[in-house]
Structure formats: C-alpha cells, structure tokens
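Below is one structure, written out as structure tokens; the observations come after it.
The values are calculated or read from the model by the stated rules, or taken from the named source; none is laboratory data. It should be emphasised that the depicted structure is a prediction, and the values quoted were computed from it without experimental measurement. With ligands, DNA and RNA removed, areas are computed over all heavy atoms of the protein, side chains included. Shrake-Rupley method; radii C 1.70, N 1.55, O 1.52, S 1.80 Å.
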Amino acid sequence: MLELANLATALIFGCWLVLSVIRQLKEKPPGWLYKLDFLYLVGSWRFFGPEPLTRDYHLFYRDVLDNGEMTRWIRVTPVSSKTPWAIIWNPEQRLRRWFINAAEAMSASKRSGNAPTFERSPFYLAILNHVESLARFGQSRARQFAIAESQDIRDPDDLRIMFCSALHFLDPDRGPFPA
Amino acid sequence: MTAAEPFLRAVIGINAAGGFISALELLRLYRAFQNEGLFFWKGAQLRRRRAVRPILNLFRSVLAWPGILALLSSRIATALACVVCACFGPVPTLLLAAYVAIGCLLLLRTHHAADGAEQFMHITAAACLVAVVSRGSLAGEIGLFFLSAQLSLAYATSAIVKIAHSDWRNGRFLTEIFATETFGRRWAFEVLTARPQRAKWASRVVIYGELLCCLAPWSPPHVAWALLAAAALFHISVGATMGLNMFVFAFAAAFPAAIYTSRVLYPG
C-alpha cells in the first residue's frame with residue numbers, strides 16, 4: 001500500500017516537473033497547457049528575460065466641462081516611491097505590477113487595431129472605473145484618460161503619451177460596468 | 001538517510017512567513033478591492049480564462065468586497081499558524097490545506113498584481129501539501145527533490161534567456177531596469193553607470209550567478225551552502241534595490257529542499 005502511495009506521489013511530481021520544463025521552452029505557454037494550468041501551478045521562470053521592462057507607465061485624466069472647455073491633464077499617482085523598507089514591506093509594488101500588466105496589454109491590444117474589443121477589455125474598464133471615481137472639476141461632463149511612458153528615473157517628467165481613451169460621459173449613478 | 005520532515009517543515013515555515021507578509025500587503029491595499037479600485041470585483045470577473053470563472057463565482061462571497069477582507073484575514077491567520085507550527089513540530093495537514101487553498105483563491109483574484117515570486121511561493125506550498133497529504137513513506141523526500149528541481153529550473157531558465165540576449169550580456173538592460181521608477185533606485189542607477197564597464201560586469205555576475213545557483217541542490221553540501229548563501233545575498237540585494245521583497249521569501253523557502261537534496265546525494 002505504501003509502495004503504491006510512493007509511486008503515485010512520484011508520478012504526480014514527475015508529471016508536474018515535465019509540465020514545468022515544457023512551460024519554460026517558450027515565452028507563451030502552449031494552448032493546452034494554458035487551459036490545463038488554471039490554478040497557476042506551472043510557472044514561467046524568465047524573470048526579467050529576455051527583454052525586461054525598461055519604462056515606467058503613468059496614468060492621466062482630463063475632463064470636458066459643461067461649457068465645452070477641456071481641463072489640463074491630471075496625473076494619477078497610483079503608487080508612492082519605494083521606501084528603504086521595501087525589502088520587507090512593499091505593498092505598492094502590486095499596484096505597479098497591475099498597472100504595468102494593464103498598460104502593456106492595452107498597448108498590445110491598441111496596436112492590433114481592434115478598438116471595440118480594446119474598449120471592452122477588463123483592464124480598460126477597470127482603469128475607466130477607477131478614473132471615473134476620481135475628483136471632478138465642478139461641472140464636468142465627460143472624462144478621458146491617457147497612459148504615458150517615461151524611461152529615465154532622473155527625468156520622470158520626460159513623458160511620451162502611449163494612447164488616449166475616448167471621451168466617456170460621466171454619470172453619477174453608473175460606472176462603466178453593467179449593474 | 002537524512003530525515004525529510006525537518007526540511008519540509010522549514011520550507012513550509014519560510015513559505016508561510018512570505019505568505020503572511022503578502023496577505024498583509026494586500027490588506028494594506030484594501031481600497032483597491034473596493035468598487036472604485038483597480039482590483040474591482042467586476043473587473044476580475046471579466047477574465048478570459050474560462051476555467052477560472054466558475055471558481056470565482058463559487059467563492060464570490062469571499063472574493064468580492066467586503067468578503068475579501070475575511071479571506072485576507074484567514075490567509076494571515078493560517079500563515080501565522082503555519083509558521084508557529086513549523087517551529088515546534090509537524091504542520092497539521094488541514095491547516096496546510098487551508099493555507100494553500102486560500103492562497104490559491106487569492107492568486108486567482110489578484111493574478112495581474114502578482115509577480116513570479118508569488119507564483120513560486122504558491123507552487124512551493126502546493127508541493128508541500130501534496131507531500132504531506134500523500135501517505136507514502138518517501139513522500140517528503142520526493143517532494144523535496146521536486147522543489148530542488150523547481151529551484152534549479154527557475155535559476156537555469158532565468159540565466160539562459162538572459163545569456164541569449166546581447167543587451168543582457170553588455171549590461172544595457174540592467175542599466176535600463178535601474179533607470180525606471182518601478183524597479184530602480186536613483187542611487188543604484190548612479191552606482192551602476194558611474195563607470196562604463198560596471199553595468200556589463202554586474203549583469204554578467206547576475207547571469208552567471210543564476211547559472212551557478214541552479215547547481216546548488218546537486219552539489220556537495222559545502223558547495224551547496226556557499227551557492228545558496230550567494231543566492232540569498234542576491235535576493236536580498238534585489239529586494240533592497242528593486243523592491244521585489246517576495247523573491248526573498250519565495251526562493252529562501254526552497255533552500256532547505258536544496259540542502260536536503262545535497263545531503264542525500266552526498267551523505268557524510
């Protein structure tokens with residue numbers, strides 16, 4: 001009985017290891033493995049390789065007022081700077097990670113030119129939902145957000161706009177998600 | 001033969017310490033889970049992966065706001081209990097199962113906010129659970145060998161994909177990573193760029209260091225200890241400079257497995 005249990009354990013770990021090796025072969029997993037691994041038990045260990053993230057992403061929004069005027073861009077700072085304690089305690093890194101994933105997915109989707117899908121993507125809707133909840137400029141009628149990128153820690157204001165969203169009318173009772 | 005149980009307990013204890021901090025960090029970001037936050041529940045529900053949706057819906061009450069607070073609190077409690085139990089004796093199977101299951105739900109819920117270290121921790125914890133649940137007399141041994149293989153695979157993959165790219169070998173990518181606010185620090189960037197060859201050599205130390213560390217579990221114990229000490233130093237410096245704190249716990253948790261493997265392969 002014990003021998004059988006050992007055999008079963010070895011089989012489970014053996015298959016798991018083979019799947020893990022297969023996962024490392026390409027940047028994106030094969031379709032069957034992607035479907036199979038819905039519990040995230042097979043990881044990709046390419047940490048920062050082959051091409052790492054070498055830019056920062058920044059979120060901005062602006063409003064169209066009732067009189068038709070456009071406000072200036074307001075920078076949304078989703079995260080604060082790293083503290084000396086970041087080696088132990090760095091919760092903001094998760095918001096950064098989420099926003100990087102969002103910006104890269106949206107950028108790829110925008111490049112593919114599929115605008116209707118792009119504007120229904122979970123990332124787009126989540127950012128829109130977040131941005132719509134931010135402070136308004138008195139008589140704001142519609143809101144637009146933009147994602148910009150910068151590449152030099154010494155000059156974080158040297159920004160390049162990656163893309164702007166469409167204008168979204170502001171409704172105090174309803175966000176972008178259906179109830 | 002070296003007993004596997006104390007090493008398995010060490011893996012669980014270090015892993016749970018990381019899980020504890022990870023859950024506290026998520027709790028600190030509680031606003032992100034609210035209806036206006038970036039981790040808004042309805043956004044998480046729009047995930048493309050079909051197999052995940054039924055799980056999310058089944059556990060909706062603890063994954064949506066405010067139930068997520070209960071889930072995070074449970075994660076903190078189970079992680080803490082695992083750390084305490086691992087210090088004094090075997091970790092109860094039910095407790096470990098609860099810790100792993102809650103961790104799995106959290107990873108499904110916050111997948112886009114997690115990095116590779118979180119996933120490595122999740123895999124390590126799940127492997128420990130399989131080893132503990134299995135009734136086999138060698139389950140612990142097999143589990144620890146599996147973790148050693150995962151550790152080697154992680155270091156080897158990370159090194160090989162970097163070696164293959166000339167901008168990693170010449171240090172350009174390392175400089176550019178440290179030039180970001182996300183992963184860099186200004187002082188570290190300035191140290192790295194103070195001399196022309198510094199980034200190139202730093203980059204090569206990272207790449208060849210990772211390549212060497214993948215050999216740790218399969219080396220004699222004194223070599224394994226030296227390699228793992230160097231790896232620990234590397235992860236601590238990455239945590240300090242890049243703010244990737246979870247990497248310290250994720251990889252350190254697999255180190256006892258590497259020591260065990262080394263001691264079994266090179267007894268005496």
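Please compute one quarter of the surface area of the Cα convex hull for region B:1-60 and express it in square nanometres.
Mean projected area for region B:1-60: 6.4 nm², to one decimal.
Is the C-alpha gyration tensor of region B:54-101 telling us rounded, prolate or oblate? Criteria: a/c under 1.5 is rounded; beyond that, a/b larger than b/c is prolate, otherwise oblate.
It comes out oblate by the Cα gyration axes.
Send over the Kirkwood Rh of region A:1-86, from the inverse of the averaged 1/r over different Cα pairs, rounded to one decimal Å. Could you put the intermediate results ahead of the total?
Values: mean 1/r = 0.0543 Å⁻¹.
This gives a value of 18.4 Å.
Over chain A, with a single point scatterer placed on each C-alpha, what log10 of the ratio I(q)/I(0) does the Debye formula yield at q = 0.12, 0.14 1/Å?
-0.77, -0.95
In Å², rounded to the nearest 100, what is the total accessible surface buried by chains B and A against each other with a 1.4 Å probe?
Chains B and A together bury roughly 7000 Å² of accessible area.
Write down Rg/Rh for region B:143-268, rounded to two decimals, with Rg from the C-alpha atoms and Rh from the Kirkwood relation over Cα pairs.
In region B:143-268, Rg relative to Rh is 1.02.
I need the per residue convex hull volume for region B:22-158, using only the alpha carbons, in cubic angstrom as a whole number.
130 Å³
Would you compute, for the Cα atoms of region B:90-198, the largest minus smallest coordinate along each principal axis and list the three values in descending order, in whole Å?
Principal extents (largest minus smallest coordinate, Cα): 57, 28, 22 Å.
What do you get for Rg/Rh of the protein assembly as shown when both radii come from the Cα atoms and Rh is the Kirkwood radius?
0.99
Chain B: D in µm²/s via Stokes-Einstein (Kirkwood Rh, Cα pairs, 10 °C, 1.306 mPa s)?
80 µm²/s
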